[in-house]
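Report on the following structure.
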Amino acid sequence: MKRVSVLGSGAWGTTLAQVLIDAGHDVLIWGRNSDVVEEINTKKTNHSFLGSAILPDSIRATTNVDEAFAFGEAIVLAIPAQSLRENLRNWKSKFPLDKPVISTLKGIESSTCHRMTEILSEELSLENDHVGLITGPNLAGELILRQPAGAVGASTNPALAALIVELFTTSYFRV
């Protein structure tokens, strides 16, 4: 079992937290919205983003990004892509550069046409061997219901690519 911090309490972050828990890991979600975090912690739901889906009992969330940074052995980014650069700038002085960072953000930054991994490198000076990504034709609304799906995990670091497979693979989600 690994400890994983998921940065993002929206539909995708919460869904990936469930996948990580189902894969046998201990997960802490960070979110900026205290109402969403409170709902995840007390009701084990996230109605705003996932309707009536019931989350695992072991799911936990916090609004304290320092707690999330300290908790995880790996950091999973699941925030909106267009806010990545701004968030990284705000977190720069405390972001744990010694932990693997796994981007789940799709798309490119509209103002620069840069990929999310390029933004990570630009803002945090992260070496490529500390950065990985997971991507696929996945929808949070289907995956939260544990419908069968697949994704691709990638990194220039073979050990990190293997870690991504280990972290996210479940009986219904193949990486």
* **Over segment 55-128 - Rg/Rh using Cα atoms and the Kirkwood inverse-distance radius** => 0.97
* When the solvent-accessible surface of protein heavy atoms is calculated with a 1.4 angstrom probe, in what order do Arg85, Arg3 fall, highest first? -> Arg3, Arg85
* To do: May I have the convex hull volume per residue, in Å³, for the Cα set of segment 1-135?
  => 104
* Under the Karplus curve 6.51 cos²θ - 1.76 cosθ + 1.60, θ = phi - 60°, whole-Hz ³J(HN,Hα) for segment 128-134, x wherever Gly or Pro sits -> 4, 6, 9, 10, x, 8, 10
* What is the log10 of I(q)/I(0) for segment 118-175, computed with the Debye formula using one identical point scatterer on each Cα and no solvent, at q = 0.24, 0.25 Å⁻¹? -> -0.91, -0.95
* To do: Can you pull the one-decimal nm distance between simple spin-label points at Ser48 and Ala162, each 7 Å off the Cα toward Cβ?
  => 4.0
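Using DSSP H assignments, which helices in the chain have an axial alpha-carbon span of 15 Å or above and a mean Kyte-Doolittle hydropathy of 1.6 or higher?
Values: long enough: 11-22 (17 Å, 0.85); 158-168 (16 Å, 2.11).
Long hydrophobic helices here: 158-168.
Compute the accessible area per residue over segment 18-142, keeping the other protein chains in place, probe 1.4 Å, unit Å².
Details: 5990 Å² over 125 residues.
About 48 Å² of surface per residue is accessible.
Given the rule -39500 (n - 2.57) for each run of at least 4 DSSP H residues, summed and divided by the residues of the chain, what is its mean residue ellipticity at 222 nm, to the nearest 500 deg cm²/dmol?
Numbers: 8 runs with 65 residues, N = 175.
Here the helix-only value at 222 nm equals -10000 deg cm²/dmol.
Looking at the chain only, what percent of DSSP beta bridges run antiparallel? Nearest 5 please. Walk me through the intermediate numbers first.
On the way: 5 of 25 bridges.
If we restrict to bridges inside the chain, about 20 percent are antiparallel.
I'd like the Kirkwood hydrodynamic radius of segment 61-175, using the inverse of the mean 1/r over distinct C-alpha pairs, in Å. Don't skip to the answer; put the middle values down first.
Numbers: mean 1/r = 0.0671 Å⁻¹.
By the Kirkwood definition, the hydrodynamic radius is 14.9 Å.
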* Asked: Which of the lysines could a cross-linker span from Lys2 if the Cα-Cα distance has to be under 16 Å and same-chain partners fewer than 8 positions apart are dropped?
  -> Lys99
* To do: Pick out which of Ser121, Ser111, Ser48 has the largest mean-square fluctuation in a Gaussian network model of the chain, springs linking Cα atoms closer than 10 Å.
  => Ser111
* Asked: In segment 87-173, with Lys and Arg counted as +1 and Asp and Glu as -1 at Cβ, which of these residues, Pro100, Leu167, Leu139, has the Cα nearest the positive end of the dipole, that is, farthest along it?
  -> Leu139
* Asked: Expressed as a rounded percentage, what relative contact order does the chain have, with Cα pairs under 8 Å and six or more residues apart?
  -> 21
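Would you mind telling me the share, in percent, of accessible area of segment 68-175 contributed by carbon and sulfur at probe 1.4 angstrom? Can you show the working numbers first?
On the way: 2860 of 5220 Å².
After summing per-atom areas, the C and S share lands at 55 percent.
The values are calculated or read from the model by the stated rules, or taken from the named source; none is laboratory data. On a predicted model such as this, the values are computed, not experimentally measured, just so you know. Neighbour counts are summed over all protein chains in view; Cβ atoms, including those assigned to glycine, are modelled from backbone coordinates with ideal geometry. The accessibility values were calculated without ligands, DNA or RNA, using every heavy atom of the protein model including side chains. Shrake-Rupley method; radii C 1.70, N 1.55, O 1.52, S 1.80 Å.
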